[in-house]
Amino acid sequence: MNGQGATTDPQLQHFIEIESQKQRFQQLVHQMTEVCWDKCLDKPGPKLDSRTEMCFVNCVERFIDTSQFILNRLEQTQTQRGKGSFSETMSE
């Protein structure tokens with residue numbers, strides 16, 4: 001062993017950080033899916049009425065807006081730290 005612990009490996013730390021960010025994002029997606037479902041669907045049926053469909057559309061659009069804001073904020077943070085953009089690391 002080279003005397004360097006696994007927790008001090010910068011590549012490993014970066015990988016763990018990115019995976020943690022991905023996990024938080026997935027949790028957000030799950031949470032927002034739950035919110036939209038509970039907010040918009042009164043009673044499950046074979047078809048969505050136009051009001052329910054519009055509610056889902058609006059809810060998803062707000063989620064996309066919020067997600068874009070969060071991604072932009074994370075990219076700013078990553079850029080300030082000098083570690084590259086968050087969207088680049090999400091695609092890895």
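Every number here is computed from the coordinates shown, using simple stated rules; none is lab data. Given the structure is predicted, the values throughout are model-derived calculations rather than measurements. All Cβ positions, glycine included, derive from the backbone under ideal geometry; neighbour counts span all protein chains shown.
Couple of notes before you dig in:
- Using a simple spin-label model with pseudo-atoms 7 Å out from Cα toward Cβ, Gln26 and Asn72 lie 2.7 nm apart.
- Here the simple spin-label model places points 7 Å from the Cα toward Cβ, and for Ile16 and Ile64 these points are separated by 3.7 nm.
- Of all aspartates and glutamates in the structure, the ones whose alpha carbon falls short of 16 Å from that of Lys22, not counting any fewer than 8 places away in one chain, are Glu75, Glu88, Glu92.
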